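Read through the structure below, which is laid out as structure tokens, and then see the notes.
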Amino acid sequence: MTGLKPGRRNLITDVDGIKVGNAVDRKAWSGTTVLVPDERAVAGVEIRGGAPGTRDINALDPSCRVDAIDALVLSGGSMFGIDAAAGVTNALAAAGRGYKINTAIVPIVPAAILFDLVNGGDKDWGEDPPYRRLGAEAARALSDSFPLGNVGAGLGAKAGRLKGGLGSASLVSPEGIQVGTLVAVNSWGEAVMPGSRHFWAWPFEQGEEFGGLGGPKGPVDLTMPRPPVPLSPAANTTIAIVATNVRLDKGEARRVAIMADDGLARSIRPVHTPFDGDTVFALSTGKLPLEDLAMLTLVGHMAADCLARAVARGVYHAETLGRFPGWKTL
């Protein structure tokens with residue numbers, strides 16, 4: 001990775017023109033994360049999990065008319081969490097942001113959700129789930145700096161037998177290419193090698209960003225882990241956003257999302273299971289011209305490595321919650 005280094009914050013906000021907001025409900029043990037670009041941005045998406053939950057995904061298809069989005073939302077709450085995007089939509093519209101059709105303003109806000117409904121938090125919300133409120137709160141809490149772990153959509157997440165969380169990482173090239181990732185890790189598979197404290201993503205670590213342990217000293221146990229709880233359809237999901245300052249069209253953004261998805265395979269085993277709804281968005285702020293396909297390939301390569309690191313960072317910073325212990329307790 002010669003010449004590629006993490007940005008100043010080692011967060012997705014090292015991509016110029018991006019801010020992130022988080023909101024949580026500590027009673028429900030759930031939360032929402034929203035990414036808002038300073039200007040409307042091109043986006044694409046790749047879905048490889050067997051049980052996804054999403055909103056406005058078809059709008060990102062290159063054959064569809066929508067050419068840019070106003071925000072991306074990652075939320076806990078399973079299908080209740082889709083309401084977080086409505087809260088973000090309302091907040092952006094009130095601020096005058098969105099797709100303009102004559103005198104109407106319609107923010108385009110694709111979203112993906114993860115399942116955290118049985119993590120021990122109080123979900124007895126009746127007919128008033130908190131997610132629309134959480135979405136609006138997150139949209140009003142935008143910043144270029146934010147903590148990792150039990151934050152936003154990562155608050156109620158788990159990663160195999162351990163506590164999952166919100167992770168982020170970045171890389172910047174000497175030529176000024178910026179790539180950053182944001183992920184809520186709620187995987188059925190494990191981010192940590194069985195019987196050890198070593199992350200599957202250890203070859204990609206920069207400095208000591210997730211403990212600096214390096215690789216294991218002996219043979220690696222490749223046995224698929226037994227489930228920590230009884231199997232349940234759609235009960236997990238890792239959802240992520242990859243961003244770059246390189247100018248992409250919708251087709252190129254999807255190609256970056258496809259390449260970035262390999263970062264999940266480098267950091268979680270097994271991944272893309274029938275019980276996960278793994279979804280990766282890719283977003284382009286368009287500040288740096290795309291010179292050729294080699295440059296596009298580099299962006300995808302950087303994105304995959306960043307996403308692997310972000311997964312490990314999300315688990316590394318997560319604190320014990322309920323029956324899922326944090327990594328630091330190992």
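Coordinate-derived values only; no laboratory data. Keep in mind the model is a prediction, meaning the values are calculated, not measured. Heads up, the Cβs are rebuilt from the backbone with ideal geometry, glycines too, and the neighbour counts pull from every protein chain shown.
Spatially close Lys pairs in the range 12-329, defined by Cα atoms under 30 Å apart and a spacing of eight or more places or different chains, total 23. Considering only Ala240, Ala253, Thr329, the residue lying farthest towards the positive end of the dipole of the range 12-329 is Thr329, judged by Cα position with unit charges set on Cβ.
Please compute the contact order of the chain in relative form: average sequence separation of alpha-carbon pairs under 8 Å and at least six residues apart, divided by the residue count, as a percent. The partial results should precede the final answer.
Details: 938 pairs, mean separation 84.4, N = 330.
Answer for the chain is 26 percent.
Charge dipole of the range 1-157 (Cα centre as origin; +1 on each Lys and Arg Cβ, -1 on each Asp and Glu Cβ, all else neutral): 260 debye, rounded to the nearest 20.
The residue among Ala68, Ala304, Pro274 whose Cα reaches farthest toward the positive pole of the charge dipole of the range 12-329, with charges on the beta-carbon of Lys, Arg, Asp and Glu, is Pro274.
Membrane-span-like helices in the chain, defined here as complete DSSP H runs extending at least 30 Å along the helix axis by their C-alpha atoms with mean Kyte-Doolittle hydropathy no lower than 0.0, are 293-317; this is a sequence and geometry rule, not a statement about a membrane. Each listed q (0.16 Å⁻¹) maps to a log10 I(q)/I(0) for the chain, found by the Debye formula over equal Cα scatterers with no solvent: -1.31. Once you sort the root eigenvalues of the Cα gyration tensor of the range 131-273 as a ≥ b ≥ c, which label holds: rounded (a/c under 1.5), prolate (a/b larger than b/c) or oblate (the other case)? Oblate, because a/c is 1.5 or more while a/b does not exceed b/c. Rounded, prolate or oblate for the range 7-109? Axes are the square roots of the Cα gyration tensor eigenvalues, ordered a ≥ b ≥ c, and the cut-off for rounded is a/c under 1.5. Note, shape of the range 7-109 comes out rounded.
According to the calculation over all Cα-Cα pairs in the range 258-330, the P(r) per 10 Å bin from zero is 17, 37, 30, 12, 4 %. Distance from the C-alpha centroid of the range 267-330 to that of the range 182-213: 11 Å, rounded to the whole angstrom.
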